[in-house]
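Engineer: Could you have a look at this structure, given as C-alpha cells, before my questions?
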Amino acid sequence: MSSLPRAHELGLIGCHVCGLVCRDVPDLHDATCPRCGAALHRRKLGSFARTWALLIAAFFFYIPANVLPIMRTVSLGDVDDNTILSGVLELWVKGSPDLAIIVFTASIVVPMLKFLAMSLLLISAHRRTAWAQRQRAKLYRLVEFIGYWSMLDVFVVALLTALVQFGILSLVEPLPGVVFFGLTVVLTMLASMSFDPRLIWDSKETHD
Amino acid sequence: MNAPQQALNGKEANNLMICEHCDTVYRRRELARGETARCLRCDAVLERHQRIGTNGMLALVLTAMVVFIQANIWPIVTLGLNGQEISTTLWGTIIMMWNDHSQVVSILAAATLFFFPLAKMLTLGWVLFFARRGERAPGFATAMTILHYVGPWTMNEVFVLGALVAIVKAHVYFDVLPNPGIFAYAVLMLLITIFASVDMRRLWDLTEAPPA
Ligand SMILES: [Zn+2]
C-alpha cells in the first residue's frame, strides 16, 4: 500500500466540489479553490460530529415513522390505519408479493442498514483501525447509492391520497407517520453526505 | 483570498487526480473506449471513458426537458369506479398533500420531483450550450457548484416505482389505468440515469476560462 501516495503525504488537497488538485498550505484557513471558489478542506469539516448528530436525529424520527400510521383508508365505513409494516403485509396478501418485497426493502431494510452501516463506519473510523478498509469503503458507497430509495413509500402515500378523492365511498388520508418517515430519509441522506470516506483510510497503521 | 498560493501550475494540476474516497493521488492517463479507471486502494471509480460528447449531452438535456414537461402535464394514473373517472398529475399530488395537512411531504415531493430536477436540467443546459464551443458559460463556477449539490436530491426514478406500487395498491378497490404521464416519467428516468453516469467535472477540462 505504501507505494500509493496519498494527497497529504505529497502536500496536496483535492477540492471537494470540482476535484481540482491544489497545493496544501500550513495555514489552510480561508483558502479557496482557484478554479471553482469552494473552500478547501483536507477532510470534510466536523465530519464525525455532524454525521453523528444527523444520524441520531434521523433515528429519533424513525421510531414514530414506524409506530405511527402513515395512511388511513376509509372504505364503506371501514376505517383502516396503515403503518409502513401493515401496508407491506396488505400488499403481500392482496396485491403482489414482489412489490411487497421491494417496499419492505426500501422502507425497512434500507433505513436500518443505513443506521447500522453509518454507526459502524463512524466507530471504526474514529478508532482509526485498518480493519477491512476496502470492505468499509464499499459499504459506504453502497449506503450512498441506495439511500434515497427509502422515499418510495412516501411517494406511494402521496399518490394514493391524490387519487382516491371520491369521498362518497372511500378516502385515503395521509397520517403523521409519513411526515416522520420523509424526514428520516432526508436526515440519513445528509448524514451519509457529511461523512468523509477518507477517514476510513486515515488509520494509525498507515501513518506509522 | 490567497488563491495564487493554492494553484499548481496548469499542466501539473491537469495531470494529477485525487481519489475522492481515499485521497490517493494518481497520474492521469487517456482511457480507451468503454474503459473505467478504478482506484487501486479503495476500488472507487476514478474516471470513465465518456462516449457522449458535449453536443450529444446538450441534445439529451433538451430531450429530457421536453419529456419533463409532458411528465408534469399529463396525468399519471386514472382511477375508475362505477363509471366515474379520476386522474392525477404530479402537481395534483403535491397540492393534495399540501391541503391534507402534510405540507412537509408536499414540499419534499415538490423539491425532489420538480424543482431540483428542473434546476439540474436548466443549469446543465446553460453550461453545455457554451461548452459546445469550448467556452465557459457566464457564472460557470456557480453553475458547476449548483450541479454538485443538487445532484443527489433528484428522485424521479423512485417516484416511478412509487407510482407502480400505488397502482397495485389501488387496484384492490378500483379499476386503475396507467396514463401517458407515467410513461413519460419512465423515459425521464432513463435519461436521468444516463446523466448520472456522466462525470460533469470533465466540463472544467473541456472548456477554457475566458482571458481575464
Ligand atoms: Zn480510492
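Engineer: Scan (1) open to solvent by 80 Å² or more (accessible area, probe 1.4 Å); (2) touching a Lys or Arg at 6+ places or on another chain (Cβ under 8 Å); (3) within 25 Å of B:A166 (Cα to Cα) for the single condition A:G147 breaks and write down its number.
Structural biologist: Of everything listed in (1) open to solvent by 80 Å² or more (accessible area, probe 1.4 Å); (2) touching a Lys or Arg at 6+ places or on another chain (Cβ under 8 Å); (3) within 25 Å of B:A166 (Cα to Cα), A:G147 misses just condition (1).
Engineer: Taking the stated definitions as given, is A:V74 surrounded by fewer than 18 Cβ atoms within 10 Å (Cβ to Cβ), more than 10 Å from chain B (Cβ to nearest Cβ), on the phi < 0 side of the Ramachandran plot and in contact with a strand residue (DSSP E or B) (Cβ under 6 Å, 6 or more places away or on another chain)?
Structural biologist: On the way: surrounded by fewer than 18 Cβ atoms within 10 Å (Cβ to Cβ): yes; more than 10 Å from chain B (Cβ to nearest Cβ): yes; on the phi < 0 side of the Ramachandran plot: yes; in contact with a strand residue (DSSP E or B) (Cβ under 6 Å, 6 or more places away or on another chain): yes.
Judged against the criteria, A:V74 is a match.
Engineer: Do we have A:T32 as hydroxyl-bearing (S, T, Y), open to solvent by less than 70 Å² (accessible area, probe 1.4 Å), within 9 Å of another protein chain (Cβ to nearest Cβ) and touching a helix residue (DSSP H, G or I) at 6+ places or on another chain (Cβ under 9 Å) here?
Structural biologist: Values: hydroxyl-bearing (S, T, Y): yes; open to solvent by less than 70 Å² (accessible area, probe 1.4 Å): yes; within 9 Å of another protein chain (Cβ to nearest Cβ): yes; touching a helix residue (DSSP H, G or I) at 6+ places or on another chain (Cβ under 9 Å): yes.
Against the criterion (hydroxyl-bearing (S, T, Y), open to solvent by less than 70 Å² (accessible area, probe 1.4 Å), within 9 Å of another protein chain (Cβ to nearest Cβ) and touching a helix residue (DSSP H, G or I) at 6+ places or on another chain (Cβ under 9 Å)), A:T32 qualifies.
Engineer: Here's a follow-up. Just to be sure before I move on: is B:R38 more than 10 Å from every other protein chain (Cβ to nearest Cβ), at pLDDT below 90 and within 16 Å of the ligand (Cβ to nearest atom) in the structure I sent? Quick ask: steps written out before the conclusion?
Structural biologist: On the way: more than 10 Å from every other protein chain (Cβ to nearest Cβ): yes; at pLDDT below 90: no; within 16 Å of the ligand (Cβ to nearest atom): yes.
Criteria not met by B:R38.
Engineer: Looking for whichever is among the basic types (K, R) and farther than 29 Å from A:S150 by Cβ here; the options are A:R6, A:R50, A:R43. Which one fits?
Structural biologist: Numbers: A:R50 fails: farther than 29 Å from A:S150 by Cβ; A:R43 fails: farther than 29 Å from A:S150 by Cβ.
Only one candidate passes the filter, namely A:R6.
Engineer: Failed condition for B:R132, given (1) more than 18 Å from the chain's Cα centre (by Cα); (2) within 11 Å of chain A (Cβ to nearest Cβ), with all others met?
Structural biologist: That leaves (2) as the condition not met.
Engineer: On to the next question. Output the helices (runs of 4 or more DSSP H) that fall wholly within the range A:71-182 and possess 2 or more residues being charged (D, E, K, R), or say none.
Structural biologist: Working: elements: A:84-94, A:97-104, A:110-127, A:133-146, A:152-163.
Fully inside the range A:71-182 and qualifying: A:84-94, A:110-127, A:133-146.
Engineer: Can I ask one more? Taking only the range A:124-135 into account, find how many residues are more than 9 Å from chain B (Cβ to nearest Cβ) and either at pLDDT 95 or above or within 16 Å of the ligand (Cβ to nearest atom) (or both). I'd like the intermediate steps shown before the answer.
Structural biologist: Taking the range A:124-135 as the starting set, the residues that turn out to be more than 9 Å from chain B (Cβ to nearest Cβ) are A:124-132, A:135.
If we keep only those that are either at pLDDT 95 or above or within 16 Å of the ligand (Cβ to nearest atom) (or both) as well, we get A:125, A:130, A:132, A:135.
The qualifying residues number 4.
Engineer: Could you count how many residues in the range B:115-137 are more than 22 Å from B:L191 (Cβ to Cβ) and either open to solvent by 80 Å² or more (accessible area, probe 1.4 Å) or not in a loop (DSSP other than H, G, I, E, B) (or both)? If you could, list the steps in order and put the result at the bottom.
Structural biologist: Within the range B:115-137, the first condition is being more than 22 Å from B:L191 (Cβ to Cβ), and the residues that meet it are B:133-136.
With the extra rule that they be either open to solvent by 80 Å² or more (accessible area, probe 1.4 Å) or not in a loop (DSSP other than H, G, I, E, B) (or both), the set shrinks to B:133, B:135.
The total comes to 2.
Engineer: Quick one: would you say B:T112 is in a helix (DSSP H, G or I), open to solvent by less than 60 Å² (accessible area, probe 1.4 Å) and under 24 Å from A:L163 (Cα atoms)?
Structural biologist: On the way: in a helix (DSSP H, G or I): yes; open to solvent by less than 60 Å² (accessible area, probe 1.4 Å): yes; under 24 Å from A:L163 (Cα atoms): yes.
Yes.
Engineer: Criterion first (at pLDDT below 95, under 19 Å from B:A163 (Cβ atoms) and surrounded by fewer than 23 Cβ atoms within 10 Å (Cβ to Cβ)) does A:D153 satisfy it?
Structural biologist: Values: at pLDDT below 95: yes; under 19 Å from B:A163 (Cβ atoms): yes; surrounded by fewer than 23 Cβ atoms within 10 Å (Cβ to Cβ): no.
So A:D153 does not fit the description; no.
Engineer: Here's a follow-up. In the range B:41-56, what residues are charged (D, E, K, R) and either in a strand (DSSP E or B) or within 16 Å of the ligand (Cβ to nearest atom) (or both)? Walk me through how you get there before you give the answer.
Structural biologist: Pass one, the range B:41-56, residues charged (D, E, K, R): B:41, B:43, B:47-48, B:51.
Listed by number, the residues that qualify are B:R41, B:D43, B:E47, B:R48.
Engineer: Can you spot a residue in the range B:92-112 that is under 25 Å from B:L191 (Cβ atoms), more than 11 Å from chain A (Cβ to nearest Cβ) and free of Cβ contacts under 8 Å to residues at least 60 places away in the same chain?
Structural biologist: Scanning the range B:92-112, I find no residue that is under 25 Å from B:L191 (Cβ atoms), more than 11 Å from chain A (Cβ to nearest Cβ) and free of Cβ contacts under 8 Å to residues at least 60 places away in the same chain, so the answer is no.
Engineer: Condition check: open to solvent by 30 Å² or more (accessible area, probe 1.4 Å), touching a Ser or Thr at 6+ places or on another chain (Cβ under 7 Å) and on the phi < 0 side of the Ramachandran plot. Does B:R48 satisfy that?
Structural biologist: Working: open to solvent by 30 Å² or more (accessible area, probe 1.4 Å): yes; touching a Ser or Thr at 6+ places or on another chain (Cβ under 7 Å): yes; on the phi < 0 side of the Ramachandran plot: yes.
Yes, satisfied.
Engineer: Is there a residue in the range A:30-45 that is free of Cβ contacts under 8 Å to residues at least 40 places away in the same chain and in a helix (DSSP H, G or I)? First the steps, then the outcome.
Structural biologist: Within the range A:30-45, the first condition is being free of Cβ contacts under 8 Å to residues at least 40 places away in the same chain, and the residues that meet it are A:30-42, A:45.
Next, from what is left, pick out any that are in a helix (DSSP H, G or I): none.
Checking the range A:30-45: not a single residue is free of Cβ contacts under 8 Å to residues at least 40 places away in the same chain and in a helix (DSSP H, G or I).
Engineer: Quick check, is A:A65 assigned to a helix (DSSP H, G or I), touching a residue at least 60 places away in the same chain (Cβ under 8 Å) and within 14 Å of chain B (Cβ to nearest Cβ)? Show your work before the answer.
Structural biologist: Numbers: assigned to a helix (DSSP H, G or I): yes; touching a residue at least 60 places away in the same chain (Cβ under 8 Å): yes; within 14 Å of chain B (Cβ to nearest Cβ): yes.
Criteria met by A:A65.
The values are calculated or read from the model by the stated rules, or taken from the named source; none is laboratory data. If you're wondering where the values come from, they're calculated on a predicted model, not measured in any experiment. Positions of Cβ are generated from backbone atoms using ideal geometry, with glycine treated the same way; all protein chains shown enter the neighbour counts. The area values use the complete protein model at the heavy-atom level, side chains included, leaving out ligands, DNA and RNA. Shrake-Rupley method; radii C 1.70, N 1.55, O 1.52, S 1.80 Å.
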